[in-house]
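For reference, the structure is listed below as structure tokens.
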Amino acid sequence: MHKTLTFFRLTYKITMVNPLAAAAIDRSLGEQAASFAPQIPIEQLPPMPPPARGKQLLQEWLGCTAVIGGSGLVLGVTSAAVVLQNGQLPWWANGLFIAAVVVNVVLAWGGLWGMLYTDPGNVLRSAATCYPIPEEVLSMITATGRLDTMKENITTSEHASGQAAASYCVRCCVWRPHGAHHCRLCQRCVLRFDHHCNFYGRCVGGQSQGLCCGPGNMKYFRLVFTALHCGVPACVVYLFLALILRADSTANTLAISLGCGLGLLAVVYCCKARGFCGMFAWLCQRGCNQLGSPLCSEPGPNAPTV
């Protein structure tokens, strides 16, 4: 049994680096994985738990409304700045500000699409992930055909071979590597699980590997925030310059008010960012987010078993 689990940890390491390797692993190792006896065919395993689709749809609506509506607002303010500056800025400055806003809006839409329609790193049922079925799980399925009475996942300790510990999710009926967790809202196990985002209704998993796109949807999550922090300042600065260059009393008053408001927002944002980072670190230390799903590899003492 220990050799078998070590064998499957190797397949998970390959899968976490390159998700496309999972298909090749299934083809080359599926027969060996399915040969463990006695086993149950994947089709006869208990069905996957259904996700909380109602909450997901509400969260999707919130994220889409914020990103698309915010993008429309930014484009509208940029268009107003073009009219207000009335040719006072040189053509290259206008082109630079407009290009910065448009590019970041497109990036935000692309990040939104990626968050909604790409795989965060779900651990799917296959010969390489389902087998070998632990004895206690196999006995429960054979006796009752259900696993909803089992609350504790099955974990394995680290061996002398140096392979990371693995655990068997009794809800998804899959082996998963260290760092993967089960989301109680999406009802799926996710590789390199970071958190469930209430803004998009999706789990966020994986990691960005420098300039390369790693597995999971973390790159799209960061892309939206990058576009937000680049596009909005470009739009606001463009409007600020347009108001100043009008040399009009009303415009000057608006520019002064805008500058004061921006200074206040910058102070509040810095304080909030510091507070958010502290809160995020505290959540990581506790091991659970507001939905009760762990953010770290090791759950805290009060976190539910996932």
Here are some residues: ALA99, ALA52. Which one is touching a residue at least 12 places away in the same chain (Cβ under 8 Å) and not charged (D, E, K, R)?
ALA52
Among the candidates ALA100, ALA108, single out the residue that is under 23 Å from the mean Cα position of the chain (by Cα) and among the small types (Gly, Ala, Ser).
ALA108
Basic (Lys, Arg), within 28 Å of PRO49 (Cβ to Cβ), surrounded by 12 or more Cβ atoms within 10 Å (Cβ to Cβ) and touching a helix residue (DSSP H, G or I) at 6+ places or on another chain (Cβ under 9 Å), is that true of ARG146?
no
Which one is farthest from GLY179 (Cα to Cα), of the residues in the range 123-141 that are in a helix (DSSP H, G or I) and touching a residue at least 40 places away in the same chain (Cβ under 8 Å)?
ILE141
Within the range 155-189, work out how many residues are outside any loop (DSSP other than H, G, I, E, B) and modelled with pLDDT of 85 or more.
12
I'm told SER139 meets every condition in (1) in contact with a Lys or Arg (Cβ under 8 Å, 6 or more places away or on another chain); (2) modelled with pLDDT of 85 or more; (3) of a type in the set (S, T, N, Q) except one. Can you identify the failing condition by its number?
(1)
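Here is a yes/no grid of residues against (1) touching a Leu at 6+ places or on another chain (Cβ under 9 Å); (2) within 19 Å of VAL232 (Cα to Cα):
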position	(1), (2)
GLN56	yes, no
GLU60	yes, no
VAL74	no, yes
SER79	no, yes
ASN86	yes, no
ALA100	no, yes
VAL103	no, yes
ALA108	yes, yes
GLY111	yes, yes
Looking only at the range 190-214, which residues are buried (at least 22 other Cβ atoms within 10 Å of the Cβ) and at pLDDT below 85?
GLY206
Considering every residue within the range 79-91, establish whether at least one is surrounded by 12 or more Cβ atoms within 10 Å (Cβ to Cβ) and touching a Cys at 6+ places or on another chain (Cβ under 9 Å).
yes
Suppose we keep only residues that are over 13 Å from TYR200 (Cα atoms) and among the aromatic types (Phe, Trp, Tyr) within the range 58-97. Which one would you say is farthest from the chain's Cα centre (by Cα)?
TRP91
Residue tally, condition closer than 15 Å to LEU116 by Cα and of a type in the set (Ser, Thr, Tyr), over the range 45-77
1
Run GLU152 past the list (1) part of a helix (DSSP H, G or I); (2) under 30 Å from the mean Cα position of the chain (by Cα) and report the number of the one that doesn't hold.
(1)
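The values are calculated or read from the model by the stated rules, or taken from the named source; none is laboratory data. Note that this is a predicted model, so its numbers are computed, not measured. No Cβ is skipped: glycine too gets one built from the backbone with ideal geometry, and neighbour counts run over all protein chains shown.
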